[in-house]
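Chemist: My questions all concern the structure below.
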Amino acid sequence: MDARHRLIHDGAVAVRGERIVGVGTRAEIDSRFQAAHRLDRPNALIMPGLVNTHAHAAMSLLRGIADDMKLQDWLQKFIFPAEAKNVTPDFVLWGTRLACLEMMLSGTTTFVDMYYFEDRVAQAAKEAGMRGVLGETILKFKSPDSATPHDALELTEKFIKQYKGDPLIVPAPAPHAIYTNDDADLRAARKLADHYGVPLLIHVSETKTENDDALRVRGMTPTRLLDVLGVLDGPTIAAHGVWLDDGDIKILKAHGVGVAHCPSSNMKLASGVAPVVKLLAAGVPVGLGTDGPAGSNNDFDLMEEMNLAANLQKVASGDPTLLPAEQVVALATIEGARVAGLVKEIGSLEPGKRADLITVRLDRPHAVPLYNIYSQVVYALKGSDIEDVAVNGRPLVRDGKPLTLDPALVMSKAKEYGAKVAGSLH
Ligand SMILES: [Zn+2]
């Protein structure tokens, strides 16, 4: 993956420190560089690390707590009560460690997150060695880490100051949505983002109810309202965008807003089908997100999201030519990087970019024979085919084994928390 979507057979990547210094055939790279360490993978694909543009990492500890429900029942009867009783800084720390393990083992190197106690998300991401655009949640009601939106804004500013300039973390304000925030707080979140030069993260037009309510109460779509309030006047990542209309798409394009498309979540919660093809045709950056993993999607596997993104556009339109595999691989890598505001640094294998890369095994029954690598990635390969992962040139996974986190410890803690959460609901 590079600007020209070049495919290199028998290829190699040279890394010095945190950055890529050469990409070419193995013979070219061997003649230009003397490697202190080398990793030979004769039966693998080397590609940029995957970018998850929307997730709630620490919700891994609520995985599968309540499935097959309507969004409002799921939120009101299970998620909000479970969060009110259980979400502490320690919960977020262990939940994010679990999520980072899962993400890195399935090829994700960067994730965009929205949750509470986001400083603990940052701590876990840094331990794991992963890159994160991490949004501290702002809500108009009491949340696990803030009694009021004013407190949430203060906590967000503290978090931004703590992590601004970090080599792996981009801190950000994340007002949850228009229906969970007052206008003044949405404006304040934008001001905060602009003051510190960071992006703003928000859910936009996820459900038909959200759109219908906005039209009824405010007389305009969620996107139009955000535009009127000036919330889109700066780098913004909009999650979902399922119910965007043509006018909304024009607004997003005009403001350079990126959209995080979450096919698993949109299917599982029956939210609808995002107009991905229209967004791309209009020049709006689109990346892929897992959302979840409690209820809206129960895992963080971006290889699966690639497959679903491609298939969802086809079945919804009756046109199998839409969103072809090559375009989907771009969404999961370079376009995801664009949505995350990091395209100058990551998302492709090019000299000068950060060495965020993965290798994918091509020696399993479902990987042979190989006619088209993009098709193989999107329609055949799995998250479990990821063999090696590096971020900033640092190896995080080698031979399918995590190097930075202790899986036995993290999973035993997760089970402990699972028992505690289950007990708290009775
Ligand atoms: Zn979400």
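The values are calculated or read from the model by the stated rules, or taken from the named source; none is laboratory data. Values in this document were obtained by computation on a predicted structure and should not be read as measured data. Methodologically, a virtual Cβ is constructed for each residue, glycine included, from the backbone with ideal geometry; neighbour enumeration extends over all protein chains shown. Ligands, DNA and RNA are stripped out before the accessible areas are found, and what is left, the full protein with its side chains, is counted by its heavy atoms. Shrake-Rupley method; radii C 1.70, N 1.55, O 1.52, S 1.80 Å.
Chemist: List pairs: first in the stretch 43-68 and farther than 29 Å from Ser348 by Cβ, second among the basic types (Lys, Arg) and within 16 Å of the ligand (Cβ to nearest atom), Cβ under 9 Å, 6+ apart or cross-chain?
Modeler: Partner pairs satisfying both residue conditions: Asp67/Lys268; Asp68/Lys268.
Chemist: Next question. Filter the stretch 115-135 for residues that are in contact with a helix residue (DSSP H, G or I) (Cβ under 9 Å, 6 or more places away or on another chain), of a type outside the set (Phe, Trp, Tyr) and open to solvent by less than 10 Å² (accessible area, probe 1.4 Å) and give the result.
Modeler: Answer for the stretch 115-135, where residues must be in contact with a helix residue (DSSP H, G or I) (Cβ under 9 Å, 6 or more places away or on another chain), of a type outside the set (Phe, Trp, Tyr) and open to solvent by less than 10 Å² (accessible area, probe 1.4 Å): Glu118, Val121, Ala122, Ala124, Ala125, Ala128, Gly129, Met130, Gly132, Leu134, Gly135.
Chemist: Inside the stretch 37-57, can you point out the residues that are within 18 Å of Gly129 (Cβ to Cβ) and under 20 Å from the mean Cα position of the chain (by Cα)? Don't jump to the end; show me each part of the working.
Modeler: Taking the stretch 37-57 first, the residues within 18 Å of Gly129 (Cβ to Cβ) are 37, 39, 48-52, 55, 57.
Across the stretch 37-57, the qualifying residues are Pro48, Gly49, Leu50, Val51, Asn52, Ala55, Ala57.
Chemist: Residues of the stretch 222-254 being in contact with a His (Cβ under 8 Å, 6 or more places away or on another chain) and either within 16 Å of the ligand (Cβ to nearest atom) or under 14 Å from Lys208 (Cα atoms) (or both), which ones?
Modeler: Those that are in contact with a His (Cβ under 8 Å, 6 or more places away or on another chain) and either within 16 Å of the ligand (Cβ to nearest atom) or under 14 Å from Lys208 (Cα atoms) (or both): Thr236, Ile237, Ala238, Ala239, His240, Gly241.
Chemist: Taking Leu186 as the residue in question, decide whether it is in a helix (DSSP H, G or I) and under 24 Å from the mean Cα position of the chain (by Cα). Give the steps one after another, and end with the answer.
Modeler: Numbers: in a helix (DSSP H, G or I): yes; under 24 Å from the mean Cα position of the chain (by Cα): yes.
Considered against the rule, which asks whether it is in a helix (DSSP H, G or I) and under 24 Å from the mean Cα position of the chain (by Cα), Leu186 comes out as yes.
Chemist: So, one more: Does Ser412 satisfy being polar (S, T, N, Q), without any contact (Cβ under 8 Å) to a residue 40 or more places away in the chain and more than 21 Å from Pro167 (Cβ to Cβ)?
Modeler: Taking the combined requirement at face value, the residue satisfies it.
Chemist: For the stretch 139-150: of the residues being open to solvent by 60 Å² or more (accessible area, probe 1.4 Å) and not hydrophobic (A, V, I, L, M, F, W, C), which is nearest to Thr88 (Cα to Cα)?
Modeler: Lys142
Chemist: When you check Ile334 against the structure, is it in contact (Cβ under 8 Å) with a residue 60 or more places away in the chain, buried (at least 19 other Cβ atoms within 10 Å of the Cβ), within 26 Å of Met220 (Cα to Cα) and among the β-branched types (Val, Ile, Thr), yes or no?
Modeler: no
Chemist: Restrict the check to the stretch 255-269 and report whether at least one residue is assigned to a helix (DSSP H, G or I), crowded, with 24+ Cβ neighbours inside 10 Å, modelled with pLDDT of 95 or more and away from the ligand (no atom under 15 Å from the Cβ).
Modeler: Checked against the condition, which is being assigned to a helix (DSSP H, G or I), crowded, with 24+ Cβ neighbours inside 10 Å, modelled with pLDDT of 95 or more and away from the ligand (no atom under 15 Å from the Cβ), the stretch 255-269 yields no hits at all.
Chemist: For residues in the stretch 16-46 being among the small types (Gly, Ala, Ser) and part of a strand (DSSP E or B), which is surrounded by the fewest Cβ atoms within 10 Å (Cβ to Cβ)? Give the steps one after another, and end with the answer.
Modeler: Residues of the stretch 16-46 among the small types (Gly, Ala, Ser): 17, 22, 24, 27, 31, 35-36, 44.
Still in the running and part of a strand (DSSP E or B): 22, 24, 44.
Working: Gly22: 15, Gly24: 18, Ala44: 19.
Filtering first and then ranking leaves Gly22.
Chemist: Looking at (1) without any contact (Cβ under 8 Å) to a residue 40 or more places away in the chain; (2) more than 16 Å from the ligand (Cβ to nearest atom), can you tell me which one Leu75 breaks?
Modeler: Status for Leu75: all satisfied but (2).
Chemist: Also, I was wondering about something else. Could you pull out the residue among Val242, Val286, Val329 that is in contact (Cβ under 8 Å) with a residue 60 or more places away in the chain and among the β-branched types (Val, Ile, Thr)?
Modeler: Working: Val242 fails: in contact (Cβ under 8 Å) with a residue 60 or more places away in the chain; Val286 fails: in contact (Cβ under 8 Å) with a residue 60 or more places away in the chain.
Answer to the selection: Val329.
Chemist: Working only within the stretch 206-218, note down all residues that are open to solvent by 60 Å² or more (accessible area, probe 1.4 Å) and either of a type outside the set (A, V, I, L, M) or within 16 Å of the ligand (Cβ to nearest atom) (or both).
Modeler: From the stretch 206-218, those open to solvent by 60 Å² or more (accessible area, probe 1.4 Å) are 208-209, 212-213, 215-218; that's our starting set.
Lys208, Thr209, Asp212, Asp213, Arg216, Arg218 - these are the residues of the stretch 206-218 that are open to solvent by 60 Å² or more (accessible area, probe 1.4 Å) and either of a type outside the set (A, V, I, L, M) or within 16 Å of the ligand (Cβ to nearest atom) (or both).
Chemist: Among the listed residues Asp68, Asp90, Asp73, identify the single one that is outside any strand (DSSP E or B) and at pLDDT 95 or above.
Modeler: On the way: Asp68 fails: at pLDDT 95 or above; Asp73 fails: at pLDDT 95 or above.
Residue meeting the stated conditions: Asp90.
Chemist: Return the residues of the stretch 1-15 that are surrounded by 14 or more Cβ atoms within 10 Å (Cβ to Cβ) and farther than 24 Å from Arg338 by Cα; say none if nothing qualifies.
Modeler: Taking the stretch 1-15 as the starting set, the residues that turn out to be surrounded by 14 or more Cβ atoms within 10 Å (Cβ to Cβ) are 1-2, 8, 11-15.
The answer is Gly11, Ala12.
Chemist: While we're here: Search the stretch 276-301 for residues being within 14 Å of the ligand (Cβ to nearest atom) and among the aliphatic types (A, V, I, L, M), and hand back the single one that is modelled with the lowest pLDDT.
Modeler: Checking each candidate, the answer is Ala294.
Chemist: For the stretch 270-281, which positions are among the aliphatic types (A, V, I, L, M) and either open to solvent by 10 Å² or more (accessible area, probe 1.4 Å) or in a strand (DSSP E or B) (or both)?
Modeler: If we filter the stretch 270-281 for residues that are among the aliphatic types (A, V, I, L, M), which is where we start, we get 270, 273-274, 276-277, 279-281.
Correct list: Ala270, Val273, Val277, Leu280, Ala281.
Chemist: Only one residue in His176, His195, His203, His240 is within 24 Å of Val133 (Cα to Cα), within 22 Å of the chain's Cα centre (by Cα) and open to solvent by 20 Å² or more (accessible area, probe 1.4 Å), so which one is that? Reasoning before the result, please.
Modeler: Numbers: His195 fails: within 22 Å of the chain's Cα centre (by Cα); His203 fails: open to solvent by 20 Å² or more (accessible area, probe 1.4 Å); His240 fails: open to solvent by 20 Å² or more (accessible area, probe 1.4 Å).
Answer to the selection: His176.
Chemist: May I pose another question? If you go through the stretch 304-325 one residue at a time, do you hit one that is within 25 Å of Gly234 (Cβ to Cβ), part of a loop (DSSP other than H, G, I, E, B) and either within 16 Å of the ligand (Cβ to nearest atom) or not basic (Lys, Arg) (or both)? Full working, then the answer.
Modeler: If we filter the stretch 304-325 for residues that are within 25 Å of Gly234 (Cβ to Cβ), which is where we start, we get none.
Checked the stretch 304-325: no residue is within 25 Å of Gly234 (Cβ to Cβ), part of a loop (DSSP other than H, G, I, E, B) and either within 16 Å of the ligand (Cβ to nearest atom) or not basic (Lys, Arg) (or both).
Chemist: Let me ask something else about it. Among the candidates Ala316, Ala270, single out the residue that is without any contact (Cβ under 8 Å) to a residue 24 or more places away in the chain and either over 18 Å from Val204 (Cβ atoms) or not aromatic (Phe, Trp, Tyr) (or both). Don't jump to the end; show me each part of the working.
Modeler: Numbers: Ala316 fails: without any contact (Cβ under 8 Å) to a residue 24 or more places away in the chain.
After applying the criteria, what remains is Ala270.
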